[in-house]
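These notes are about the structure you will find just below.
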Amino acid sequence: MRTLAFLVSSILAYTAMAAVSAFSSGTLWTDTDGNRINAHGGGIMYHNGTYYWYGECKGELTYRSPGVGWEAYRTETGGVTCYSSQDLYNWKYEGVVLEPDTVNTYSDIHPTMVIERPKVVYNEATGKFVMWMHIDSPNYSKASAGVAVSDSPTGKFTYIESVHPNGQIARDLTVYKDDDGKAYLIYSSEGNATMQISQLTPDYLKTVGTYTRNFIDKSREAPAIFKRNGKYYIVSSGCTGWSPNEAEYAVADCVTGPYTTLGNPCTGPDADKTFFGQSTFVLPVEGMHDTFIMMFDRWNKRDLIDSRYLWLPIQFNETGFTVPWVDNWSLNNNLVNNK
Ligand code: DGJ
């Protein structure tokens, strides 16, 4: 009997650790130790042969922010986690690379605050890894962009400050580093009504003081940006809290716009609700021609730590691209390469 129990537990342990070789959107994703991946609203940086996935570390308990009229579900922030991978399927936990400040109750990164959508870029000139993130108060009234820096991709990151970029409020955000080394902060501003884009200073630690206004009064958030064949694409969501809505994408010849809206890229069941997901990042796959992965979060607003990941192929056509729903796929089938 004991031998049988040992055999069963060994098989289960082996199954938990078995190498992953496909993206199964919406299922529970675990790291190489068999633990649930906790990296929400994330972004990925490729550096020296390794992908680093940074995301929000959600706490175990989801609750509603007291005194807030809308559905302000949240957890205490556990900071920003990092996972590393060479193949994009198997992720090794690298730990909490930006730790919350549990001592100073006035800190931007105290567990009672909001840290969302962290994105990291490497600055070749300074040799530093720079993280930008949405920093907010429990009722989302602070509406700021926070910045942290590290000498290594796996941290620890040192938190610098939060700002209202160019004197403007900021909530959902992302960072884009262009081929020429210039980097940009893209953030929902003006009460989430308009998306602003501002170049960062050469050290990537501040905005330059000017910005463009995009999707004016269109209430777009959750920006994810990429460049293909000299054109810039932004995928974004509507503004409905944690609840899903229809994605939209837009194209421009210049990173700071003007952007032309091209409609909803999602196709298949529940495409009008972004497959119950929300955009967070578009990942160009290294060494694969024309291969990009569209990353969404599928939020579980009543149990945020159990929110799932939807990673789907981007398929290009003459006018733009689509993001089809696929249950299970890998980079070496025919879904992504637009040969
Ligand atoms: C939508 C944003 O995209 C999320 O990052 C988060 O801020 C929620 N709103 C909060 O309701």
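Quick grid of which residues meet (1) within 14 Å of the ligand (Cβ to nearest atom); (2) out of contact with any Ser or Thr (no Cβ under 9 Å at 6 or more places or on another chain); (3) among the aliphatic types (A, V, I, L, M):
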| site | (1), (2), (3) |
| --- | --- |
| 209 | no, no, no |
| 213 | no, no, no |
| 249 | no, no, no |
| 255 | no, yes, yes |
| 269 | no, yes, no |
| 279 | yes, no, no |
| 286 | no, yes, no |
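Restricting attention to region 154-184, the residues that are under 16 Å from the mean Cα position of the chain (by Cα) and away from the ligand (no atom under 16 Å from the Cβ) total 3. Based on this model, can you work out whether residue 219 counts as assigned to a loop (DSSP other than H, G, I, E, B), of a type outside the set (Phe, Trp, Tyr) and crowded, with 16+ Cβ neighbours inside 10 Å? In short, yes. Contact annotation: residue pairs with Cβ atoms under 8 Å, 6 or more positions apart or on different chains, pairing a residue in region 259-270 that is in contact (Cβ under 8 Å) with a residue 24 or more places away in the chain and closer than 20 Å to residue 295 by Cβ with a partner that is hydroxyl-bearing (Ser, Thr, Tyr) and not in a strand (DSSP E or B), are 262/319; 266/274. In region 140-181, counting only strands (runs of 3 or more DSSP E) that sit wholly within it, the ones holding 2 or more residues that are polar (S, T, N, Q) span 144-150, 158-163.
Criterion first (more than 21 Å from residue 196 (Cα to Cα) and of a type in the set (Lys, Arg)) does residue 182 satisfy it? Judged against the criteria, residue 182 is not a match. May I ask you to verify whether residue 187 is surrounded by 19 or more Cβ atoms within 10 Å (Cβ to Cβ), away from the ligand (no atom under 16 Å from the Cβ) and modelled with pLDDT of 95 or more? When the stated conditions are applied, residue 187 does not pass them. With respect to the conditions (1) over 28 Å from residue 139 (Cβ atoms); (2) out of contact with any Pro (no Cβ under 6 Å at 6 or more places or on another chain), residue 52 lacks only one, and its number is (2). For residue 233, the conditions (1) within 16 Å of the ligand (Cβ to nearest atom); (2) in contact (Cβ under 8 Å) with a residue 40 or more places away in the chain; (3) not in a loop (DSSP other than H, G, I, E, B) are fulfilled apart from (1). Selection of region 110-130 for residues being more than 16 Å from the ligand (Cβ to nearest atom) and either of a type in the set (Lys, Arg) or open to solvent by less than 10 Å² (accessible area, probe 1.4 Å) (or both) yields 123, 128, 129, 130. Checked against the criterion of being farther than 30 Å from residue 60 by Cα and among the acidic types (Asp, Glu), the candidates 253, 270, 297 yield just one match: 253. Pairs meeting the criteria (first residue in region 57-83 and on the phi < 0 side of the Ramachandran plot and more than 12 Å from the ligand (Cβ to nearest atom), second residue assigned to a strand (DSSP E or B) and open to solvent by 80 Å² or more (accessible area, probe 1.4 Å), beta carbons under 6 Å, at least 6 apart or on different chains) are 83/93. Determine whether region 241-254 contains at least one residue that is open to solvent by less than 10 Å² (accessible area, probe 1.4 Å), within 16 Å of the chain's Cα centre (by Cα) and closer than 24 Å to residue 72 by Cα. Yes; the residues of region 241-254 include at least one that is open to solvent by less than 10 Å² (accessible area, probe 1.4 Å), within 16 Å of the chain's Cα centre (by Cα) and closer than 24 Å to residue 72 by Cα.
The values are calculated or read from the model by the stated rules, or taken from the named source; none is laboratory data. Values in this document were obtained by computation on a predicted structure and should not be read as measured data. A quick note on method: Cβ atoms are made from the backbone with ideal geometry, for glycine too, and the neighbour counts reach across all protein chains shown. Accessible surface is based on the protein model in full, side chains and every heavy atom, while ligands, DNA and RNA are left aside. Shrake-Rupley method; radii C 1.70, N 1.55, O 1.52, S 1.80 Å.
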